[in-house]
């Protein structure tokens, strides 16, 4: 069994969804993995659209994950504040 585990890539397991607060959605030009740095959110709290099949945008909406997207004007901090405020006003639960 350990031989099989050693031959698998490091990221073969799905992440624990309860620790995730954000879903990063990139474009053709902008990779989703760049967005946590731009929004200044912890990388470990992010899911990346398209990376894991079972974590889709539909899953994100059902679990009230905040969608982080590319902002052409670079207003990432302000946009994150707006998204968090909307989430609170809509009555969705806040993950700790």
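Taken together, the values in this text are just the output of simple stated rules run on the coordinates, not laboratory data. Since the structure is predicted, the reported quantities are computational estimates derived from the model, not experimental observations. All Cβ positions, glycine included, derive from the backbone under ideal geometry; neighbour counts span all protein chains shown.
Modelled spin-label separation between residue 88 and residue 73, with each label point placed 7 Å from Cα along the Cα-to-Cβ direction: 2.3 nm. The distance between label points at residue 43 and residue 19 comes to 1.4 nm (points 7 Å beyond Cα on the Cα→Cβ vector). Protection proxy ranking of 20-32, 68-80, by the mean of other Cβ atoms within 10 Å over each peptide's residues and highest first, is 20-32, 68-80.
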